[in-house]
1. Please work out which residue is surrounded by the most Cβ atoms within 10 Å (Cβ to Cβ), limiting yourself to segment 107-148 and to residues that are more than 24 Å from residue 34 (Cα to Cα) and out of contact with any strand residue (DSSP E or B) (no Cβ under 6 Å at 6 or more places or on another chain).
2. Checking residue 2 against (1) modelled with pLDDT under 95; (2) on the phi > 0 side of the Ramachandran plot: exactly one of these is not met. Which one?
3. Could you go through segment 5-25 and let me know if any residue there is within 12 Å of the chain's Cα centre (by Cα) and part of a strand (DSSP E or B).
4. Conditions first: (1) in contact with a strand residue (DSSP E or B) (Cβ under 6 Å, 6 or more places away or on another chain); (2) under 23 Å from residue 1 (Cα atoms); (3) not in a helix (DSSP H, G or I). Residue 54 passes all but one, so which condition is the exception?
5. Counting only residues that are surrounded by 20 or more Cβ atoms within 10 Å (Cβ to Cβ) and touching a helix residue (DSSP H, G or I) at 6+ places or on another chain (Cβ under 8 Å), which one in segment 93-106 is nearest to residue 48 (Cα to Cα)?
6. State the number of residues belonging to segment 77-107 that are assigned to a loop (DSSP other than H, G, I, E, B), within 25 Å of residue 28 (Cβ to Cβ) and in contact (Cβ under 8 Å) with a residue 12 or more places away in the chain.
7. Report every pair of residues separated by at least 6 positions or lying on different chains whose Cβ atoms are under 7 Å apart, first residue within segment 130-150 and part of a helix (DSSP H, G or I), second modelled with pLDDT of 95 or more and surrounded by fewer than 15 Cβ atoms within 10 Å (Cβ to Cβ).
């Protein structure tokens with residue numbers, strides 16, 4: 001069972017999908033929402049040389065640490081759950097790219113995300129997803145688009 005509602009973020013609309021079960025992994029989000037992993041966006045907090053940045057990754061892909069090293073000049077590491085909570089104010093599995101903390105960070109977007117006109121992403125809790133237009137996500141975050149993924 002899913003509860004659907006509309007929410008305005010800045011000047012665009014998102015569809016909030018609230019599930020009885022958690023959707024903190026791409027697999028569970030895909031299963032419960034009925035959307036393929038290619039339409040789901042993961043929001044990952046990375047640490048590079050003591051600084052944090054956000055990587056938005058298409059659900060069926062992951063970070064290529066060799067490409068990331070070449071692009072960033074240093075090898076990133078995935079932030080631990082405590083760092084995610086302290087930095088973004090949300091638990092792992094609940095992170096949304098529509099969080100102001102994400103918007104104010106350096107954000108790198110997987111170019112493969114742009115193959116879908118709409119995407120699903122974390123909705124700020126472990127049982128919520130947001131569905132929105134890809135162009136709205138890009139306009140909101142103004143990310144760097146770089147292929148540091150595989």
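The values are calculated or read from the model by the stated rules, or taken from the named source; none is laboratory data. Just so it is clear, the structure is predicted and the values come from calculations on it, not from any experiment. Cβ sites come from the backbone with ideal geometry, for glycine too, and all protein chains shown count toward neighbours.
1. In this case the residue turns out to be 148.
2. Only one criterion in (1) modelled with pLDDT under 95; (2) on the phi > 0 side of the Ramachandran plot is unmet by residue 2, namely (2).
3. No; the residues of segment 5-25 include none that is within 12 Å of the chain's Cα centre (by Cα) and part of a strand (DSSP E or B).
4. Of the numbered conditions (1) in contact with a strand residue (DSSP E or B) (Cβ under 6 Å, 6 or more places away or on another chain); (2) under 23 Å from residue 1 (Cα atoms); (3) not in a helix (DSSP H, G or I), the odd one out for residue 54 is (2).
5. Taking the candidates together, the pick is 102.
6. Adding up the residues that qualify gives 12.
7. 134/117; 134/118
Listed here are the residues, each with its yes/no results for (1) touching a helix residue (DSSP H, G or I) at 6+ places or on another chain (Cβ under 9 Å); (2) more than 27 Å from residue 62 (Cβ to Cβ).
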{"site": "1", "(1), (2)": "no, yes"}
{"site": "7", "(1), (2)": "no, yes"}
{"site": "12", "(1), (2)": "yes, yes"}
{"site": "17", "(1), (2)": "yes, no"}
{"site": "29", "(1), (2)": "yes, no"}
{"site": "32", "(1), (2)": "no, no"}
{"site": "35", "(1), (2)": "yes, no"}
{"site": "40", "(1), (2)": "yes, no"}
